[in-house]
Amino acid sequence: MVFWRFDQKTTLLTIVRELHARGVSLDDMDVRLCEIGPVDLDLLRECFDEVAKELADRDPVAA
């Protein structure tokens, strides 16, 4: 049986970006990842913050 550990920032960022692009909300992502293997939740929060900032920077601001 293969266990995945989500404890490296580059790996988590890649996964978070990909899952978000596939329609998984950030609110559900921690649950989905924990179903697969152990997750460093502090690191995951950092990744969420970084992706949320990227998404906010990408969206045009309505004047």
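Since every read-out is calculated from the coordinates, none of them should be taken as a lab result. All values reported here derive from a predicted model rather than from experimental measurement. A quick note on method: Cβ atoms are made from the backbone with ideal geometry, for glycine too, and the neighbour counts reach across all protein chains shown.
So is Glu35 touching a helix residue (DSSP H, G or I) at 6+ places or on another chain (Cβ under 9 Å) and acidic (Asp, Glu) or not? When the stated conditions are applied, Glu35 does not pass them.
Results for (1) of a type in the set (A, V, I, L, M); (2) touching a Cys at 6+ places or on another chain (Cβ under 9 Å), shown as yes or no for each residue.
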{"position": "Trp4", "(1), (2)": "no, no"}
{"position": "Lys9", "(1), (2)": "no, yes"}
{"position": "Asp28", "(1), (2)": "no, no"}
{"position": "Ile36", "(1), (2)": "yes, no"}
{"position": "Val39", "(1), (2)": "yes, no"}
{"position": "Leu44", "(1), (2)": "yes, no"}
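In the set (1) without any contact (Cβ under 8 Å) to a residue 24 or more places away in the chain; (2) at negative phi, the condition left unmet by Gly23 is number (2). In region 35-46, the count of residues that are among the β-branched types (Val, Ile, Thr) and touching a strand residue (DSSP E or B) at 6+ places or on another chain (Cβ under 7 Å) is one or more.
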